[in-house]
Amino acid sequence: MKILVTGGAGFIGSAVVRLAVSRGHQVVNLDALTYAACLENVASVADDPHYWFEHVDIRDRAALDRVFEQYKPDVVMHLAAESHVDRSIDGPADFIETNITGTFNMLEAARKFWTDQGKPDGFRFHHISTDEVFGSLPNDPSIQFTEDTSYDPRSPYSSSKAASDHLVRAWHETYGLPVVLTNCSNNYGPFHFPEKLIPVVILNALAGKDLPIYGDGSNIRDWLYVEDHADALLLVVAKGQSGRSYNIGGENERTNLELVKTLCQILDQKRPKPQGSYGDQITFVTDRPGHDARYAIDPTRIREELGWRPSVTVEEGLEKTVQWYLDNEDWWRPLQERHGVGQRLGKG
């Protein structure tokens, strides 16, 4: 299978690229190489004869048409997106242009290619999205996001992703474009850009800095190991039903405070401080505007229809993640110099 992956130099996209190539698929990685992208993420497959890289922005329609015509992919996995909520609060324009207009360009380029090729039955446009489009849940374990949950986005980021989801569904209903959609919970793992909670906590802890937690740390997230997510995405693009959406969750709900304490305990074991615990560095900071209280995914559909479940608990995944950051300082150290990394963003 030849797969066109957008955003393949980013966090989740690179995990998809690495796994797809390892399974013998041909992969075209299309990425604009914005601030959060890093070609080191795919260095392990860069010399593989089944891998190609295209430095292209999804806002450039002519370039997209060229890539489709040149490579003639069997399927598209669309991951390219601006994804940091705090940055969306400070500068929403990039999120509108990339996540909405960029997705429109991808859909139109894919529709043209699919039509020109005679509308092959096996073609799929797989749009990868987030559970944040569903809004916020109460602290009730019996209530989770399902594929039928109404959309209720609260941030510029989640609103832009909700809009892109609606575009994808509209292109399926209006033009018949074969699409599948997935909405995932919070990802974590190797190659996570160091502006998100888990890598920030790990790297601040090692540097002896404060470990910032928004509000009182009671916000709940469902945590999904990125390599599990990549496995699920490849399954959905291959076997998911056209027009269908699938929620992908880690089945690992934790409060932010619980998560940070777990990270500190792992670091205490793997790289003990001369005195005290990394937990002593925990600091509570002013909450993010519009901070959703809880996300939780009901993964019944993907489990029953496609037979997928996550392979690790959050504790197992966090231990792997911490060890990866301890072993890969040469990857994350240069990224800390990029614009906005290490600064408090999104104060509104």
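The values are calculated or read from the model by the stated rules, or taken from the named source; none is laboratory data. Since we're looking at a predicted model, the values are computed, not measured. No Cβ is skipped: glycine too gets one built from the backbone with ideal geometry, and neighbour counts run over all protein chains shown.
Identify, from the list LEU181, LEU177, the residue that is under 14 Å from the mean Cα position of the chain (by Cα), of a type outside the set (Val, Ile, Thr) and modelled with pLDDT of 95 or more.
Matching residue, one of LEU181, LEU177: LEU181.
Go through the residues of the range 85-99 one by one and say whether even a single one is in a loop (DSSP other than H, G, I, E, B), of a type in the set (Ser, Thr, Tyr) and either at positive phi or crowded, with 16+ Cβ neighbours inside 10 Å (or both). Show your work before the answer.
Residues of the range 85-99 that are in a loop (DSSP other than H, G, I, E, B), as a first pass: 91-92.
Now drop any that are not of a type in the set (Ser, Thr, Tyr), which leaves none.
Within the range 85-99 (the criterion being in a loop (DSSP other than H, G, I, E, B), of a type in the set (Ser, Thr, Tyr) and either at positive phi or crowded, with 16+ Cβ neighbours inside 10 Å (or both)), the answer is no, since none of the residues qualifies.
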Residue pairs within 9 Å by beta carbon, gap of at least six or interchain, first lying in the range 225-244 and under 13 Å from GLY307 (Cβ atoms), second buried (at least 21 other Cβ atoms within 10 Å of the Cβ) and among the charged types (D, E, K, R), listed first then second, are VAL236/ARG124; ALA238/ARG124; GLY240/ARG124
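Select from the range 269-282 the residues that are outside any helix (DSSP H, G or I) and touching a Leu at 6+ places or on another chain (Cβ under 6 Å) and list them in ascending order. Explain how you work it out, then say what you get.
Filtering the range 269-282 down to residues outside any helix (DSSP H, G or I) leaves 271-277, 282.
The one that is outside any helix (DSSP H, G or I) and touching a Leu at 6+ places or on another chain (Cβ under 6 Å): ILE282.
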Within the range 301-318, considering residues that are in a helix (DSSP H, G or I) and hydrophobic (A, V, I, L, M, F, W, C), the one surrounded by the fewest Cβ atoms within 10 Å (Cβ to Cβ) | LEU306
In the range 137-156, which residue that is at pLDDT 95 or above and touching an Asp or Glu at 6+ places or on another chain (Cβ under 7 Å) is surrounded by the fewest Cβ atoms within 10 Å (Cβ to Cβ)?
-> THR146
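Going residue by residue through the range 24-39, is there one that turns out to be of a type in the set (D, E, K, R) and either closer than 22 Å to PRO178 by Cα or out of contact with any His (no Cβ under 8 Å at 6 or more places or on another chain) (or both)?
Taking the range 24-39 first, the residues of a type in the set (D, E, K, R) are 31.
Still in the running and either closer than 22 Å to PRO178 by Cα or out of contact with any His (no Cβ under 8 Å at 6 or more places or on another chain) (or both): none.
Checking the range 24-39: not a single residue is of a type in the set (D, E, K, R) and either closer than 22 Å to PRO178 by Cα or out of contact with any His (no Cβ under 8 Å at 6 or more places or on another chain) (or both).
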Answer yes if at least one residue in the range 183-192 is more than 30 Å from SER277 (Cα to Cα) and touching a residue at least 24 places away in the same chain (Cβ under 8 Å), and no otherwise.
-> yes
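Residues that are of a type in the set (A, V, I, L, M, F, W, C) and under 30 Å from ASP74 (Cα atoms): does the range 313-320 have at least one? Walk me through it before giving the result.
Let us first name the residues in the range 313-320 that are of a type in the set (A, V, I, L, M, F, W, C), namely 314, 318.
Filter once more, so that each one left must be under 30 Å from ASP74 (Cα atoms): none.
No, the range 313-320 contains no residue that is of a type in the set (A, V, I, L, M, F, W, C) and under 30 Å from ASP74 (Cα atoms).
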Give me the pairs, please: first residue somewhere in the range 193-211 and among the aromatic types (Phe, Trp, Tyr), second residue anywhere and part of a helix (DSSP H, G or I) and modelled with pLDDT of 95 or more, beta-carbon distance under 6 Å, and either six or more positions apart or on two chains.
-> PHE193/PHE11
Qualifying residue in the range 121-131 (condition: aliphatic (A, V, I, L, M) and more than 21 Å from the chain's Cα centre (by Cα)) = no
Has the range 80-94 got any residue that is under 16 Å from the mean Cα position of the chain (by Cα), at pLDDT 95 or above and farther than 27 Å from GLY135 by Cα?
-> no
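When you scan the range 16-49, how many residues do you find that are in a helix (DSSP H, G or I) and either crowded, with 21+ Cβ neighbours inside 10 Å or over 16 Å from the mean Cα position of the chain (by Cα) (or both)? Walk me through how you get there before you give the answer.
Going residue by residue through the range 16-49, those that are in a helix (DSSP H, G or I) are 16-22, 39-45.
Checking which are either crowded, with 21+ Cβ neighbours inside 10 Å or over 16 Å from the mean Cα position of the chain (by Cα) (or both) leaves us with 16-18, 20-22, 39-45.
Residues meeting the conditions: 13.
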A careful count of residues in the range 80-94 that are in contact (Cβ under 8 Å) with a residue 40 or more places away in the chain and either over 21 Å from HIS126 (Cβ atoms) or among the hydroxyl-bearing types (Ser, Thr, Tyr) (or both) gives 9
Somewhere in the range 276-289, is a residue farther than 30 Å from LEU39 by Cβ, under 22 Å from the mean Cα position of the chain (by Cα) and either at pLDDT below 95 or surrounded by fewer than 13 Cβ atoms within 10 Å (Cβ to Cβ) (or both)?
-> yes
Condition broken by VAL237, with the remaining ones in (1) within 22 Å of GLU319 (Cα to Cα); (2) within 19 Å of the chain's Cα centre (by Cα) satisfied | (1)
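Among the candidates ILE266, ILE202, ILE248, single out the residue that is out of contact with any strand residue (DSSP E or B) (no Cβ under 8 Å at 6 or more places or on another chain), of a type in the set (A, V, I, L, M) and crowded, with 24+ Cβ neighbours inside 10 Å. Lay out the reasoning, then the answer.
Numbers: ILE266 fails: crowded, with 24+ Cβ neighbours inside 10 Å; ILE248 fails: out of contact with any strand residue (DSSP E or B) (no Cβ under 8 Å at 6 or more places or on another chain).
Only one candidate qualifies: ILE202.
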For ALA205, indicate whether it is under 30 Å from GLU147 (Cβ atoms), among the small types (Gly, Ala, Ser) and modelled with pLDDT of 95 or more.
-> no
Identify all residues within the range 221-262 that are basic (Lys, Arg), under 17 Å from THR146 (Cα atoms) and not in a strand (DSSP E or B); write none if there are none.
-> ARG244
